[in-house]
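Below is one structure, written out as structure tokens; the observations come after it.
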Amino acid sequence: MNGKTHKIKVSVIIPTYNERDNLEELFERISDSLGRAGYDFEIVVVDDDSPDKTWEYAEALGKTKGYPVKVIRRINEKGLSSAVIRGFKEASGDVFVVMDADLQHPPEKIPELVGAIEEGADIAIASRYVPGGGVKNWYWYRKLISKGAIMIGRIALPKIRSVKDPVSGFFALKREVVENAELNPIGFKILMEILIKGTYKRVVEVPFTFGLRKAGESKLSGKTMINYLKHVYRLMKWEGELDRLIKFSIVGTSGIFVNEGFLWFFVSELGMDKYVANVPATELAILNNFLWNDLWTFRDLRKRSLWRRLLSFHVAALTGAIVQWIIYAPLVYLGINYLLANLVGIGASFIVRFLFNRNVTWG
């Protein structure tokens with residue numbers, strides 16, 4: 001005990017499956033770190049009926065060692081995120097801490113996370129990707145998967161783009177953040193669900209080093225990664241970002257007809273040179289796309305002045321054209337059919353233009 005006491009109660013929520021061999025050290029380190037810091041706390045273990053009887057051993061440790069443990073054994077329900085949600089419902093604390101049982105999340109970091117909440121944060125994330133954070137002995141492909149998952153989430157969900165580690169499994173939050181949130185995640189990235197659906201204003205990230213697993217098996221699998229992509233897709237729908245992407249596609253399609261129509265008109269009706277006529281036809285298509293995106297696709301995001309939005313939209317169009325050519329030319333050089341190469345370039349250009357406009361023009 002450091003002599004300081006805190007008014008808040010901390011609930012440490014730990015989803016488990018075959019983590020029996022880690023429990024004694026885990027409970028001891030949690031109790032030591034929170035006890036020394038002067039926090040009233042409980043440990044909420046939500047176990048998915050582990051074959052190694054993790055739930056039974058957790059109960060035994062509570063009785064024999066005096067740890068303040070609450071054990072929930074789920075018989076007909078599986079999943080890390082749903083276990084965390086059950087923990088939220090069963091917990092009695094003012095601040096919830098979510099962590100794994102495999103000791104890759106150091107319990108000694110809990111007081112720092114809770115301290116950040118006491119200092120005004122609504123969510124405090126133990127982050128691997130802020131200065132001072134890191135991982136131990138990961139293979140290159142594991143790092144690639146982690147960074148790739150984060151990149152996908154931040155691109156698809158602009159609300160979390162300022163968070164460096166939105167897929168962390170180690171974090172603290174005020175009870176109010178999730179009290180009225182409709183959490184229904186697929187997979188195991190519950191933090192991302194909370195960042196999209198929770199009620200909060202301030203997020204801080206506390207650096208930590210992701211440690212080595214002491215016992216048990218890693219939960220990373222192909223199914224887990226597929227579920228993550230499904231989760232991102234669902235959150236895009238919930239946020240309205242998927243609808244926005246569809247609207248952007250519809251507007252872009254209308255621009256093709258405007259471009260072709262005016263090109264025909266300038267050449268056939270006005271007798272303009274075919275090369276010269278392409279310039280005003282393209283500009284009119286750009287103006288058409290800007291107008292409908294401004295009035296429809298990004299109507300709720302109009303923060304900058306009209307002229308700045310219009311200029312930025314032209315920059316996005318130019319950037320997309322450059323990307324399209326950069327992809328088209330090498331593919332043709334490598335022997336790919338020019339029509340297929342152009343199609344790939346158009347697809348890449350579309351993605352770049354959407355992201356540029358979503359995050360810059362109307363960002």
Give me the aspartates and glutamates in straight-line cross-link reach of Lys189: C-alpha distance below 14 Å, same-chain residues under 8 apart excluded. Asp100, Asp165
Heavy atoms only, 1.4 Å probe, whole protein assembly: order Asp94, Asp165, Asp21 by accessible area, highest first. Asp21, Asp94, Asp165
Remind me, relative contact order of segment 1-82 in percent, using alpha carbon pairs under 8 angstrom and six or more residues apart? 35
Would you rank Trp292, Trp325, Trp307, Trp362 by solvent-accessible area, highest first, keeping every protein chain in place and using a 1.4 Å probe? Trp307, Trp325, Trp292, Trp362
What's the extension gain from Asn137 to Val276 if we count 0.36 nm per residue and subtract their Cα-Cα distance? 44.1 nm
Stretch in the chain that is longest and holds no GluC sites (Glu not before Pro) that DSSP places in a loop and that have at most 13 other beta carbons within 10 Å: 218-363
For an R0 of 56 angstrom, estimate the FRET efficiency from the Cβ-Cβ distance between Arg202 and Phe265 and round to the nearest 0.05. 0.55
What order do Arg299, Arg175, Arg244 take when sorted by accessible area (1.4 Å probe), most exposed first? Arg299, Arg175, Arg244
What are the DSSP H helices in the chain that stretch 30 Å or more along their long axis, judged by alpha-carbon atoms, and whose average Kyte-Doolittle hydropathy comes to at least 0.5? 241-264, 306-333
Spin-label proximity, Leu183 to segment 6-46 - amide N less than 16 Å from point 7 Å beyond Cα toward beta carbon: 10-16, 43-46
Just how many % of Cα pairs in the chain lie over 25 Å apart, if you round to the nearest whole percent? 62
For the chain: relative contact order, % (alpha-carbon pairs under 8 angstrom, 6 or more apart): 14
Carbon-plus-sulfur fraction of the accessible area of the chain, 1.4 Å probe, in percent? 59
Taking only C-alpha pairs under 8 Å that are 6+ residues apart, what is the relative contact order of segment 56-201 in percent? 29
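The values are calculated or read from the model by the stated rules, or taken from the named source; none is laboratory data. Remember, it's a predicted structure, so these values are computed and weren't measured experimentally. As a convention, Cβ positions derive from the backbone with ideal geometry for all residues, glycine included, and neighbour counts pool all protein chains shown. The protein model used for the area step is the full one, side chains on, heavy atoms only, and it has no ligands, DNA or RNA in it. Shrake-Rupley method; radii C 1.70, N 1.55, O 1.52, S 1.80 Å.
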